[in-house]
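One structure is given here, and the rest of the page talks about it.
What follows draws every value from the coordinates through simple rules; no lab data is involved. Please read all numbers here as calculations on a predicted model, not as lab measurements. Here Cβ is always computed from backbone atoms with ideal geometry, including for glycine, and neighbour counts include all displayed protein chains.
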Amino acid sequence: MLESIGIREDQAILIDHAVVQLQSFLQKGSVSLLCRTAGNWKVVLNSAYSVNAPHLGTIMHENSLANEALKTGTPQFAIHFNHTPRKVSLTEPASTGATLAIPLLLHDRRQAVFLVNDENPLLFKESVKHKMTNLIRVIGLKLVAGKDEHRLDQDLFSNDIGALESHLMERILHREIQRSTLLPDLNTWICMFSFEEINSIRTRYGLEVLRNLQRQIMKRTSIETDKFSSMTFFHADYTYFSIIQSATDKGLEHWLKHLDSKHPYQCQDEYEKLRFNHAAIKVDHNFRDATDLVNKIKQALTNVIRQNRSTTTSVR
């Protein structure tokens, strides 16, 4: 099993392999991955065959099994009674069966936590738990070996503005395309967006102010409410992707209200109102793979920008 995971593979592929391997132990359950993004620990990946998994973008609460694993730096196991303890948060589906939370540590820094849940607590024999935890330990060693330089204070899956890396997004989309067949009532969208004032703002502010502006955008677009949850990924300077997930078909509409909010962004002593160009596509089984989906959303945003420029020119 471990031999199938190569040292030189992309770190997102390594993580995805680990999720698939963990799922293979289960009868009826879920595997979820949490990592740090936009100032919170969030669910960023669910295995293709997860049952009753928390939504993507769910924020980890303090009184959860995931947080206990991160605090201690050691695997934590619990059998759920009356839906407690919670795996991630109070917003997740009712917790049943048993869960093993396994932290991923690189140089003693918490980089992620894997939540492995199954409705049958008897599945988690000591030998099985050992195989699961050993799998993640080996993944950690291979991730360290595969990176020539990695600062001890650096997050593996997000950058310095708190945005998740796009290579992870492709693995997430690949799994969500698969999950859309199994869970047709779960609504997932990908949105690509940028703002029109890029050139004017670049010439007026220094690098640190611009970084802080991007951090504000991350916090506003990577959120969880009672209507949706979302997480945001870096594509290029001032251009981003967000994945939005909701139990209702209005989730995207509610998220766009946050994106298009008239509340300005602080840039030093000034406040800037940004106008966003955006395009969104619902994730479903009609796409061949993540590459097909990403190519279509890029083309959709390009068309929106062209149309808006054409409209602006005709008005002038």
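What to note about this one:
- Table column - 3J(HN,Hα) (Hz), the stretch 221-238, Karplus curve with 6.51, -1.76, 1.60, x for Gly and Pro: 9, 10, 9, 9, 10, 6, 10, 6, 9, 8, 8, 10, 10, 7, 10, 7, 3, 6
- Between the stretch 216-265 and the stretch 31-85, the alpha-carbon center distance in angstrom: 21
- Rel. contact order, % - alpha carbon contacts under 8 angstrom, at least six apart, the chain: 17
- Candidate values [x] 37, 25, 18; [y] 48, 21, 17; [z] 35, 21, 18 were compared with semi-axes √(5λ) of the Cα gyration tensor in Å computed on the shown model; the agreeing label is [z].
- For the stretch 96-107, backbone phi angles converted through the Karplus equation (6.51, -1.76, 1.60; θ = phi - 60°) give residue-by-residue couplings of 10, x, 9, 9, 10, 9, 10, x, 9, 10, 10, 6 Hz, Gly and Pro being listed as x.
- This model, with +1 at the C-beta of Lys and Arg and -1 at the C-beta of Asp and Glu, gives the chain a dipole about its Cα centre of some 320 debye.
- Per-residue packing, averaged as other Cβ atoms within 10 Å, sorts the ranges 172-181, 227-236, 258-267, 110-119 into the order 110-119, 227-236, 172-181, 258-267, beginning with the highest.
- For the chain, a Gaussian network of Cα nodes joined below 10 Å ranks Val304, Val294, Val44 by mean-square fluctuation, and the top entry is Val304.
- Contact order, relative form, for the stretch 166-315: 34 percent (alpha carbon pairs under 8 Å, 6 or more residues apart, mean separation divided by residue count).
- log10 of Debye I(q)/I(0), alpha-carbon scatterers only, for the stretch 2-145 at 0.08, 0.09 Å⁻¹: -0.18, -0.23
- Cut-off under 5 Å, modelled amide H: who pairs with Glu197 long-range: Arg275
- Separation of the alpha carbons by more than 19 angstrom is noted, of Lys71/Lys142; Lys42/Lys129; Lys250/Lys298; Lys28/Lys87; Lys28/Lys282, for Lys71/Lys142; Lys42/Lys129; Lys250/Lys298; Lys28/Lys282.
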